[in-house]
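S.K.: Encoded as structure tokens, here's the structure I'll be asking about.
The values are calculated or read from the model by the stated rules, or taken from the named source; none is laboratory data. It should be emphasised that the depicted structure is a prediction, and the values quoted were computed from it without experimental measurement. Cβ placement follows ideal geometry from the backbone for every residue including glycine, while neighbour counts extend to all protein chains displayed.
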Amino acid sequence: MYEPEWAAVPIGMDADRWVTRAECRKVVVAVHTLVAGQRLLDVVDLVESDPRVQVVYTRAPDVFGAGVSGFLRSIGALEIPWAQAVRERFDLAIAAAYGGVDQLHGPLVLLPHGAGYGKRANGIGGENGPVYGLDAQRLLRDGRVLPSVLVLSHDEQRDVLAEQCPPAIDAALVAGDPCYDRMVLSAKSRERYRRALGVRRGRELVLVASTWGRTSLVGRDLPLFARLQRELDPKRFQVAATIHPAVWGGHGKRQLRAWLERPMARGLILVEPEVDWRPAVIAADHVIGDHGSTSVYAAAIGRSVLAADSPERDLDPGSPQALLADKAPRWKPGQRAEPQLRRAAKRLDGSLRAAVAARLTSRPGQSHRVLREKLYQLLRLPIPGKHRRPDPIPAPDLGIGGRRHA
């Protein structure tokens, strides 16, 4: 496992002797997983370009931490070891998961790493288990509230937090969903994303979106990918897949590609775990998804979604995941694919999109402004200039050795 060397600059006792930009506010971004890292970049971008701010990154402890250091190197991040990160004091710490964050020194901003807080904590009381991320086990240590700011996407999450972890209610900030907001802003780039993914003119893109775990599409129906390649006319359809990074890390890249070798040989576009999955969702005409966040975002931006059976006892009934599982057309593995895709697309009238989006965020279009103001408040710095809208999501890069990867 790769472990970066301790950094002498830009942090540390003697760093001021060596840095070129002095007296910067120090920010540490604790990246637990690839999913968390991708989510955090939207927020870090709100302060990272400020010449008064120095950002460093660290790989925080997590069972699904495989690939994080490679991801940080790929974005040019200055990575410091976790052992060093917990021995320094920072002006701000930002994370989108919980492992070890009690060891960080500095005001902590905690964000969700998916579509809100949609799932119940595993193994804690079955159907009565707490909503994960809004529970005392995650948010308290020895009676101390860990986050200075706990970012929520919806007002109703405050009610859940007040019930599950009352001491943390003062830390709550309803900021909306920066991932959703940026996807909406990037809709105008849809044709560019389709070209980057290699979707040919006149073809419909069918995206299979799988989360991780035994109840996911990969866990229950791995042959689905090959089946779609066989059933759907390649002159009219192309098939792509976004698979949760925990599957890639938990089984290995080589193994997952080997399992999908036949559908890839037939043209399956496989989105690599380090690649932003959102352009594929925006580019899609149809989505077959499970209870993961990708399906929620697809429905919230108006894509036609066929929902696979979901483990309802693991979902918060008030979450967008539960709403999608209840209201979206059902994917039926025993029936042919194309008629199901056609029926779902015909039913698409905007009502599901509006309902899922309303359950996902109560501050649509506002998240970047709200978060920017809060981050600068914590940094004790005046906000520079006027707020600008975030840039569109970059188009994905194709190809590893000519194979169909995104």
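S.K.: Please work out which residue is surrounded by the fewest Cβ atoms within 10 Å (Cβ to Cβ), limiting yourself to segment 11-33 and to residues that are more than 17 Å from residue 178 (Cβ to Cβ) and under 15 Å from the mean Cα position of the chain (by Cα).
M.R.: Checking each candidate, the answer is 32.
S.K.: Say whether the condition of being modelled with pLDDT under 95 and among the charged types (D, E, K, R) is met by at least one residue in segment 296-303.
M.R.: no
S.K.: Select from segment 130-151 the residues that are part of a strand (DSSP E or B) and among the hydrophobic types (A, V, I, L, M, F, W, C) and write down the one among them that is farthest from residue 118 (Cα to Cα).
M.R.: Residue satisfying both the conditions and the ranking: 145.
S.K.: Output the residues belonging to segment 37-82 that are aromatic (Phe, Trp, Tyr) and closer than 24 Å to residue 376 by Cα.
M.R.: Listed by number, the list holds a single entry, 57.
S.K.: Pick from 293, 319, 367: which is in the same structural domain as residue 160 (by TED's automatic domain parsing), small (Gly, Ala, Ser) and closer than 28 Å to residue 94 by Cβ?
M.R.: Within the list 293, 319, 367, the selection yields 367.
S.K.: Continuing with the same structure: Quick one: in segment 319-372, which of the residues that are among the basic types (Lys, Arg) and not in a helix (DSSP H, G or I) is surrounded by the most Cβ atoms within 10 Å (Cβ to Cβ)?
M.R.: Checking each candidate, the answer is 363.
S.K.: Given the conditions (1) farther than 29 Å from residue 358 by Cβ; (2) crowded, with 21+ Cβ neighbours inside 10 Å, and given that residue 78 satisfies all but one, which numbered condition is not satisfied?
M.R.: Looking at each condition in turn, residue 78 falls short on (2).
S.K.: I would also like to ask the following. For residue 171, work out the one condition from (1) more than 20 Å from the chain's Cα centre (by Cα); (2) more than 30 Å from residue 389 (Cβ to Cβ); (3) without any contact (Cβ under 8 Å) to a residue 40 or more places away in the chain it doesn't fulfil.
M.R.: (2)
S.K.: Taking the residues in segment 183-195 that are surrounded by 20 or more Cβ atoms within 10 Å (Cβ to Cβ) and in a helix (DSSP H, G or I) as candidates, determine which candidate is nearest to the chain's Cα centre (by Cα).
M.R.: Here the answer is 183.
S.K.: Kindly indicate which of 162, 175, 171 is of a type in the set (Gly, Ala, Ser) and within 22 Å of residue 38 (Cβ to Cβ).
M.R.: 175
S.K.: While we're on this one: Would you mind listing the helices (runs of 4 or more DSSP H) fully within segment 1-110 where at least 3 residues are touching a His at 6+ places or on another chain (Cβ under 8 Å) and touching a residue at least 40 places away in the same chain (Cβ under 8 Å)?
M.R.: Here the list reads 34-48.
S.K.: Look at segment 251-286 and say how many of its residues are over 14 Å from residue 240 (Cα atoms) and either outside the structural domain of residue 206 (by TED's automatic domain parsing) or touching a residue at least 40 places away in the same chain (Cβ under 8 Å) (or both).
M.R.: Number of matching residues: 1.
S.K.: Quick one: is residue 59 under 21 Å from the mean Cα position of the chain (by Cα), buried (at least 17 other Cβ atoms within 10 Å of the Cβ) and closer than 14 Å to residue 2 by Cα?
M.R.: yes
S.K.: Any residue at all in segment 155-170 that is surrounded by 16 or more Cβ atoms within 10 Å (Cβ to Cβ) and in contact with a Phe, Trp or Tyr (Cβ under 8 Å, 6 or more places away or on another chain)?
M.R.: yes
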